[in-house]
Amino acid sequence: MSRNGEDRVNQNGENRVNPIRSPRGVHDILPPETARWRQFEAAFAAFCDRAGYGELRLPMFEELGVFLRLGQDTEVVSKEMYDFVDKDGKHMALRPEMTASAARAFIQHSPTVPWKVYYHGPQFRCERPQAGRYRQFSQAGIEVFGVSDPYLDVEVIALGWEFLKSLGLAKMSLHINSLGDTDDRAAYGEQLRNYFAERADELSEASRKTAETNPLRVLDSKREQDQDIIAEAPSCLDFLSDAASERSDAASKRFEVVCEGLRQLEIDFQINPKLVRGLDYYTHTAFEYVSEAFEGAQNALGGGGHYSGLVEALGGKDSPGVGFALGIDRIFLACDSEGVFAFDPSGIDIFVVDIVGGQEALVLTHQLRMAGISCDRAWGNRSMKAQMKLADRSGAEFALIVGSDEQEAGAVGFRDLRSDQFVKQENIPRDEIVDELRKRLAPQTQ
Ligand code: HAM
């Protein structure tokens with residue numbers, strides 16, 4: 001069999017080039033679906049602006065070193081990175097997430113703290129593609145650098161939660177956990193390593209390997225064989241320090257404050273001591289927004305948490321942070337499943353039907369667009385019937401008809417397309433058309 005892009009001979013003996021398709025695990029977003037993405041991004045931006053966050057735009061690739069602090073033993077770093085050596089001989093990587101890039105930017109630009117930012121855009125992970133898991137996917141997220149305050153964790157968690165609800169999503173749950181400070185996390189990791197070593201024979205082969213390098217990750221295994229062992233594993237909440245250390249507040253107290261803050265905001269949550277997240281930088285609070293609208297392992301609509309050590313590892317002065325990222329592709333799957341946040345495909349108000357050659361449609365659409373009125377037209381000098389069909393399909397509210405009778409009368413025909421009944425055409429003088437349309441369209445935009 002020939003590969004994409006190579007010549008092949010078809011059944012008729014013709015030489016054809018096989019059409020090239022998009023790479024595995026990435027997808028095109030076509031109109032009118034694109035409108036939904038724009039709507040999402042605009043809503044997210046407005047939501048974050050209202051909470052005092054500023055938009056951050058970051059490069060899609062960075063020096064590889066920026067991403068290594070996500071955890072050398074995490075799958076994101078060890079298996080999924082799209083890395084390459086560029087023409088200057090530098091080892092680069094397409095960003096698999098944006099927290100590390102945001103930390104790099106925080107160090108580089110030394111903004112005043114707290115630095116509250118939001119972002120959205122594509123991320124790249126060479127994962128095994130399946131529904132809800134892609135190699136290029138989009139995230140929208142926020143980060144706050146420079147302060148560690150449990151109430152800030154609550155603000156961040158609440159913003160993500162309320163934003164998802166504002167899309168109309170209802171079948172969701174919020175899972176939270178605390179991984180403790182760096183020492184607690186390390187002690188828990190060690191305990192887990194020992195626990196999994198004792199039960200190594202019962203673990204799946206993949207988890208047995210993971211348990212040696214990154215025992216926390218085993219808790220995330222979806223393999224049937226591992227489930228009983230995971231269920232009986234020690235809880236990380238038992239490892240939270242009770243006493244404040246030089247570096248941080250007492251982890252258990254901090255976690256209580258976060259939980260109480262969520263209760264104050266009347267946000268329901270489940271404490272999930274097995275929630276460890278797939279990236280290594282988290283300390284203290286970790287959380288995930290989980291959809292209950294569809295089956296399958298890819299039901300995390302977003303997640304995040306508090307982190308420390310990331311800024312320091314990238315060469316900055318140690319500075320804590322907290323944030324989340326939402327997976328837009330997955331959110332749309334959940335929206336489809338719940339029948340919410342559907343998009344409005346209609347983009348235009350007027351469709352011009354010209355059956356006298358098309359020149360008047362050329363001038364009229366130009367004039368209307370310059371006057372700020374959205375409009376479209378048909379091409380190729382098609383019949384009145386065919387053009388009216390296109391007008392109906394376009395979603396436009398009104399059709400303007402240009403025929404010889406109308407031209408002779410110095411007018412343009414006007415027809416309301418919204419009614420199911422036949423509506424008689426009205427003629428509007430050609431030189432009044434722009435003002436008249438403005439009047440008729442105005443009440444709809446109020
Ligand atoms: P993450 O859990 O790796 O966290 O990704 C956040 C969300 O991105 C996931 O919950 C999921 O919805 C979506 N996502 C991840 N991988 C894929 C994929 N292959 N295909 C489709 N969607 C995907 C982070 O990225 C952290 N940077 C979040 C964060 C921000 N933590 C602190 N600040």
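Each reported figure results from applying straightforward, stated rules to the coordinates on display, with no laboratory input. Everything quoted here is computed from the prediction, not taken from an experiment. Here the Cβ positions follow ideal geometry from the backbone for every residue, glycine too, while neighbour counts run over all protein chains shown.
Quick check: residue separation of SER419 and GLU266 times 0.36 nm, minus the Cα distance between them. What number comes out in nm? Show your work: numbers first, answer last.
Working: separation 153, 0.36 × 153 = 55.08 nm, distance 4.53 nm.
Value of the extension gain: 50.5 nm.
Taking 7 Å along the Cα-to-C-beta vector as the label spot, tell me the HIS27-ASP201 distance in nanometres, rounded to one decimal.
My value for the distance between the label points is 4.6 nm.
To test your reading of the geometry: what angle, between 0 and 90 degrees and rounded to tens, separates the Cα axis of helix 99-109 from the longest principal axis of the chain?
90
To the nearest 20 Debye, how big is the dipole of the chain about its Cα centre, given +1 on the beta carbon of each Lys and Arg and -1 on that of each Asp and Glu?
With only Lys, Arg, Asp and Glu charged at Cβ, the dipole is about 1200 debye.
Computed on alpha carbon atoms, what radius of gyration and Dmax characterise region 367-437, expressed in Å?
In order Rg, Dmax, the Cα atoms of region 367-437 give 12.1, 32 Å.
Gain in length, ARG430 to GLU212, computed as 0.36 nm per residue apart minus the alpha-carbon separation, to one decimal in nm?
Once the chain is fully extended between ARG430 and GLU212, it gains 70.6 nm.
Taking only Cα atoms and a 10 Å spring cutoff, compute GNM fluctuations for the chain and point out the largest among ILE350, ILE331, ILE229.
Ranking ILE350, ILE331, ILE229 by mean-square fluctuation puts ILE350 first.
In which sequence would THR210, THR182, THR34 go, from the one with the fewest C-beta neighbours within 10 Å to the one with the most? Working shown, then result.
Values: THR210 22, THR182 15, THR34 12.
Going from sparsest to densest Cβ surroundings: THR34, THR182, THR210.
At 7 Å along the Cα-to-beta-carbon direction for both ASP238 and LYS222, put a label point, then send me their distance in nm to one decimal.
According to this spin-label approximation, the distance is 2.8 nm.
Determine how many Å³ per residue the convex hull of the Cα atoms of the chain encloses. Mind showing how you got there, number by number?
Values: hull volume 102.8 nm³, N = 446.
Expressed per residue, the convex hull around the Cα atoms of the chain is 231 Å³.
Taking the chain as the reference, fit the longest principal axis to its C-alpha atoms, fit the long axis of helix 251-264 to the helix C-alpha atoms, and give the angle between the two in degrees, 0 to 90, nearest 10.
30
Report the one residue of GLY296, ASN12, SER241 whose Cα lies farthest in the direction of the positive end of the charge dipole of the chain (charges on C-beta: Lys and Arg +1, Asp and Glu -1; origin at the Cα centre).
The residue sitting farthest along the positive end of the dipole is ASN12.
Taking every pair of Cα atoms in region 138-235, average 1/r, invert it to obtain the Kirkwood radius, and report Rg/Rh to two decimals.
With Rg and the Kirkwood Rh in hand, the quotient comes to 1.07.
Is it possible to state the helix-based mean residue ellipticity at 222 nm for the chain, with each DSSP H run of 4+ residues giving -39500 (n - 2.57), the sum divided by total residues, to the nearest 500 deg cm²/dmol? What is it?
Here the helix-only value at 222 nm equals -10500 deg cm²/dmol.
Select from ALA42, SER110, SER394 the residue farthest towards the positive end of the dipole of the chain; place +1 on Cβ of Lys and Arg, -1 on Cβ of Asp and Glu, and compute about the Cα centre.
The one lying farthest along the dipole's positive direction is SER394.
Looking only at ASP184, ASP226, ASP268, which one moves most when the chain is put into a Gaussian network model with springs between Cα atoms under 10 Å?
Among ASP184, ASP226, ASP268, the largest mean-square fluctuation in the Gaussian network model of the chain belongs to ASP268.
Of GLU155, GLU288, GLU205, which is the most mobile in a GNM of the chain whose springs link Cα atoms less than 10 angstrom apart?
GLU205
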